[in-house]
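**Student:** Below: one structure in structure tokens.
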Amino acid sequence: MKKTLSYLLLAMLLLTSIFSFSQDEVDALRFSQIYNGGTSRYVGMGGAFGAIGGDLSTAYSNPAGIGVFRTSQFTFTPNLVFNSTSANFLNETTNDYKTNFNINNIGYLKSFVGNDNDDLVAFNWGFIYNRTNNFNFNEDIMGVNNNNSITDFFADNSNGYSIDELNVFRERLAWETYSINSIDSTNYNYVSALENYGELQRRKITKNGYSGEFDITFGINIKNKFYWGSSIGFSSIRFNRNLSHYEQDTVESNNFNYLIYNENLKTYGSGINFKTGIIYKPLNFLRIGAAIHSPTYLNLTDNYSTNMEASFDDVGTNKFTSPDFSQRYAFNTPGKFLANLAFVIGKSAIIGFDYEFLDYSWGKYSNEYDFYSDYANRRVNETYTIAHNFKLGAEYRLGNLSLRAGAAYYGSPFKTSEIDSYTISYSGGFGLNFNNVFLDFAYLYQNNTIEYYMYTYSQKATISSNSNKFMATLGFRF
């Protein structure tokens, strides 16, 4: 039967399999996607503030909006998030949820206002933090599979490799727990240890973390007609994913009892970007804006480990754990172009429209292993394409009360038409203005549907995620 090699030998083989878990197209998309975050007013209007300005959240969308301010300001926005997922797999539907409390925005802006007759009417600068994505989700996928097992995936990936060459994070674990068997020691052919299918499969994925950005920003107002602003953004990413794949025998004649495979990934890092934009007011009721975002240059670290446990009638229960692995690498997100339009209807209403253009295939990895960076970048380029994002928002004022509503559509980043993974959000809220103090509330609902495969040969699971966000902004003008 099989004999366990020493831990030292496994460590020597580590470099043959370090690339099975990170620096792929999935991570590239996660690092590149940015959704509505910021103040309650900004979120309540769907983030369509590019040509409106006058909100601290514009520092990370169109920083020309910083030039619109005529008073100094401080804002603080706590956020309560309820995320739920529904997974349909092999005619079974399972649900899960996760709750998270965080800070969506905090910012300070100092305004220096001149005379309306001067060319330079105002110069403003500030320090603003906005949360740009939320990774806190639980996913639960379950169904009875009569066609295949994850052990088939491990066996196929092992074919052509000797035992000493097997991936120490996946296939080597399957070998050491007797989940795959060798049928040809000369040509290194392997098969699943399962005699019959019909096993209950369940995969639970727990995700925690966020992406956020701290902007140092400034904006100017020239003759109340032209506004220009720029921001230097310092991004941060924290992401933890714990994946547990479970298979249990439902066929009494099987020698197989159960299998548990766990993956643990922790990613963290920081980066920098640059943004600049303009707003032009050709008429009192019309504002036109545009902005360009550079790529965000991220430096990231992955910590990764796996373990497996399997039980069979003839060999009992066996466990095996991979070595811990850590790796540093860099990733550049795609740049972005924004076009903005706004209509100001007297002192009672504002309507904003934003368009964003970005090409997710422009994401690029780099690390000391150039050969794998080339492979990962090729996968990014083959998988993703141009996405078009649209945001629409409106505000209506009734004295000290403001009513708001908005919607946003984030286009699918995938090149193939067989995967349509767009995201839609709807938002609304209201604000109360007490001269130097204001209080805003917002609610945002966001829905996203993806197609998910547990492994090659696995049937497709459809996962629908819903995010409900409740936020309040307390602000001071001075």
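**Student:** Identify the single condition in (1) outside any strand (DSSP E or B); (2) in contact with a strand residue (DSSP E or B) (Cβ under 7 Å, 6 or more places away or on another chain) that Tyr375 does not satisfy, given that it satisfies every other one.
**Tutor:** So the condition that Tyr375 fails would be (2).
**Student:** Determine which single condition Asn134 fails, assuming it passes every other condition in (1) more than 28 Å from Asn36 (Cβ to Cβ); (2) buried (at least 23 other Cβ atoms within 10 Å of the Cβ); (3) modelled with pLDDT under 95.
**Tutor:** (1)
**Student:** Just give me the residues in region 333-357 being touching a Phe, Trp or Tyr at 6+ places or on another chain (Cβ under 9 Å) and in a loop (DSSP other than H, G, I, E, B), in sequence order.
**Tutor:** Thr333, Pro334, Gly335, Gly346, Ser348 - these are the residues of region 333-357 that are touching a Phe, Trp or Tyr at 6+ places or on another chain (Cβ under 9 Å) and in a loop (DSSP other than H, G, I, E, B).
**Student:** A follow-up question, please. Mind listing just one residue for me: the one in region 137-161 that is of a type outside the set (D, E, K, R) and within 21 Å of the chain's Cα centre (by Cα) and, of those, surrounded by the most Cβ atoms within 10 Å (Cβ to Cβ)?
**Tutor:** Checked region 137-161; the qualifying residue surrounded by the most Cβ atoms within 10 Å (Cβ to Cβ) is Ile141.
**Student:** Still on this model: Would you say Ala87 is crowded, with 19+ Cβ neighbours inside 10 Å and under 19 Å from Gly431 (Cβ atoms)?
**Tutor:** It is false that Ala87 is crowded, with 19+ Cβ neighbours inside 10 Å and under 19 Å from Gly431 (Cβ atoms).
**Student:** Moving to a separate point now. Where residues in region 310-320 are loosely packed, with under 15 Cβ neighbours inside 10 Å and touching a strand residue (DSSP E or B) at 6+ places or on another chain (Cβ under 8 Å), which of them is farthest from Asn257 (Cα to Cα)?
**Tutor:** The extreme case among them is Lys319.
**Student:** Would you check if there is a residue in region 457-468 being surrounded by fewer than 19 Cβ atoms within 10 Å (Cβ to Cβ), among the aromatic types (Phe, Trp, Tyr), touching a helix residue (DSSP H, G or I) at 6+ places or on another chain (Cβ under 7 Å) and closer than 30 Å to Phe153 by Cβ?
**Tutor:** Within region 457-468, one or more residues are surrounded by fewer than 19 Cβ atoms within 10 Å (Cβ to Cβ), among the aromatic types (Phe, Trp, Tyr), touching a helix residue (DSSP H, G or I) at 6+ places or on another chain (Cβ under 7 Å) and closer than 30 Å to Phe153 by Cβ.
**Student:** Any residue in region 288-303 that is within 20 Å of Gly212 (Cα to Cα) and β-branched (Val, Ile, Thr) sitting within a Cβ distance under 8 Å of a residue that is modelled with pLDDT of 95 or more and in a loop (DSSP other than H, G, I, E, B)? List the pairs, counting only those 6 or more apart or interchain.
**Tutor:** Here the result reads Ile292/Gly335; Thr296/Thr333, each pair linking region 288-303 to a residue that is modelled with pLDDT of 95 or more and in a loop (DSSP other than H, G, I, E, B).
**Student:** Now for a separate question. State whether the residues of region 358-366 include one that is part of a loop (DSSP other than H, G, I, E, B) and crowded, with 16+ Cβ neighbours inside 10 Å.
**Tutor:** Among the residues of region 358-366, at least one is part of a loop (DSSP other than H, G, I, E, B) and crowded, with 16+ Cβ neighbours inside 10 Å, which makes the answer yes.
**Student:** Give Leu56, Leu29 a once-over and let me know the one that is touching a Phe, Trp or Tyr at 6+ places or on another chain (Cβ under 7 Å), aliphatic (A, V, I, L, M) and either modelled with pLDDT of 95 or more or closer than 23 Å to Asn208 by Cα (or both).
**Tutor:** Leu29
**Student:** Starting from residues that are in contact (Cβ under 8 Å) with a residue 40 or more places away in the chain and crowded, with 17+ Cβ neighbours inside 10 Å, keep the ones in region 440-456 and report whichever is farthest from Asn138 (Cα to Cα).
**Tutor:** Asp440
**Student:** Scan region 232-252 and report the pairs whose first residue is more than 19 Å from Asn264 (Cβ to Cβ) and surrounded by 17 or more Cβ atoms within 10 Å (Cβ to Cβ) and whose second residue is at pLDDT below 95 and hydrophobic (A, V, I, L, M, F, W, C), with Cβ atoms within less than 6 Å and a gap of 6+ or a chain change.
**Tutor:** Short answer, once both residue conditions are applied: Asp249/Phe256.
**Student:** When you check Asn196 against the structure, is it at pLDDT below 95 and either among the hydrophobic types (A, V, I, L, M, F, W, C) or more than 30 Å from Thr93 (Cβ to Cβ) (or both), yes or no?
**Tutor:** So Asn196 fails the test.
**Student:** Among what's in region 325-340 and is over 17 Å from Asn377 (Cβ atoms) and at pLDDT 95 or above, pick the residue that is surrounded by the most Cβ atoms within 10 Å (Cβ to Cβ).
**Tutor:** Per the stated criteria, the residue is Asn340.
**Student:** Quick check on region 420-478: of everything there that is over 16 Å from the mean Cα position of the chain (by Cα), hydroxyl-bearing (Ser, Thr, Tyr) and assigned to a loop (DSSP other than H, G, I, E, B), which residue is modelled with the highest pLDDT?
**Tutor:** Tyr455
**Student:** From Asn157, Asn167, Asn221, which residue is within 24 Å of Leu338 (Cβ to Cβ) and in contact with a helix residue (DSSP H, G or I) (Cβ under 8 Å, 6 or more places away or on another chain)?
**Tutor:** So the residue among Asn157, Asn167, Asn221 that is within 24 Å of Leu338 (Cβ to Cβ) and in contact with a helix residue (DSSP H, G or I) (Cβ under 8 Å, 6 or more places away or on another chain) is Asn221.
**Student:** Out of (1) at pLDDT below 95; (2) in contact with a strand residue (DSSP E or B) (Cβ under 9 Å, 6 or more places away or on another chain), the odd one out for Glu382 is which?
**Tutor:** Here Glu382 clears every test but (2).
The values are calculated or read from the model by the stated rules, or taken from the named source; none is laboratory data. Predicted model, so just to flag it, every value in this text is computed and none were measured. So basically every Cβ, Gly included, is an ideal-geometry build from the backbone, and we count neighbours across all protein chains shown.
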